[in-house]
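Below is one structure, written out as structure tokens; the observations come after it.
The values are calculated or read from the model by the stated rules, or taken from the named source; none is laboratory data. Source: prediction; values computed, not measured. Glycine also receives a Cβ, built like all others from the backbone with ideal geometry; neighbour counts cover every protein chain displayed.
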């Protein structure tokens, strides 16, 4: 298993370096496609442009990510868990696959599902499943140099571990606001937000045995910055903070506004625009408060809690 993960990591790094070397040999000429007159095509952020998908009437969109172990022990099969939450924290691949119908150059609908693959340390597949079908609607608008992308989704849970905890489905909303090419520079600033509300198999007011560790709604905020090093390469960093509400707080004390919070994290990495609709992001994820500002943590804190990851966003047809 360690050999397999090692080869995967080495391949990703070599692939990135090869593209970088090829890019540096090219001239710094930038072409402008005059056909890009609609909102989606005019988006300058490579990561957002890839997530908006193909301009074809019908297309397939996919997102694939690998969440790896700590930097200190890069080839182990356990992901750091600084929040101390319950669950399986073995390394895994995850993602989604969906069919997309483009209504116009600003809005799309989609239907699909998600998948998870957790390699076994002995070399066999531990779990591999395609679950949680969803339907969604997304739209994008451009206001001068600012682009706003939004989407709503309904997901029906079908994973056994999720159903065993009493979850039925989820309604979610996400938005990304980005100011690209600030004042003609290669810098971009943005803010992503997300919110969700879960539904349960036993109704909204049930005294379920599970509701002491059921989160019924939550939200997250994710400011980010990008530096466009070239047409192909982007240096990118994201800061994330999320909050969730426990179902038991509402049932037991009526506290609808009490939220638990997860530790602030940050990712720093290299984004690669393979094409306009294929985007690869290699990154390291760490926890600034734990790693740099908490005097109780020793010098090994960063290596123990920071982990690496890879994400790929793409559209076909």
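Scanning segment 275-288 for residues that are part of a strand (DSSP E or B) and in contact (Cβ under 8 Å) with a residue 40 or more places away in the chain yields a count of 7.
Does segment 83-91 include one or more residues that are buried (at least 17 other Cβ atoms within 10 Å of the Cβ) and either in contact with a helix residue (DSSP H, G or I) (Cβ under 6 Å, 6 or more places away or on another chain) or at pLDDT 70 or above (or both)? The answer is yes; a qualifying residue exists. Out of curiosity, is residue 195 over 20 Å from the mean Cα position of the chain (by Cα) and either within 24 Å of residue 309 (Cβ to Cβ) or modelled with pLDDT of 95 or more (or both)? It is false that residue 195 is over 20 Å from the mean Cα position of the chain (by Cα) and either within 24 Å of residue 309 (Cβ to Cβ) or modelled with pLDDT of 95 or more (or both). Taking segment 130-185 as the range and being part of a loop (DSSP other than H, G, I, E, B), touching a residue at least 40 places away in the same chain (Cβ under 8 Å) and either closer than 16 Å to residue 52 by Cα or touching a helix residue (DSSP H, G or I) at 6+ places or on another chain (Cβ under 9 Å) (or both) as the test, the residues that pass are 165, 166, 180. Screening residue 237 with (1) at pLDDT below 85; (2) under 16 Å from the mean Cα position of the chain (by Cα) gives one miss only, at (1). Figure legend. Inter-residue proximity from segment 112-129: first residues under 18 Å from residue 79 (Cα atoms), second residues at pLDDT 55 or above and part of a loop (DSSP other than H, G, I, E, B), beta-carbon distance below 6 Å, spacing 6+ or different chains. Indicated pairs: 121/77; 126/120. Only one entry of 190, 184 meets the criterion of being over 16 Å from residue 218 (Cβ atoms) and either crowded, with 18+ Cβ neighbours inside 10 Å or at pLDDT 95 or above (or both), and that entry is 190.
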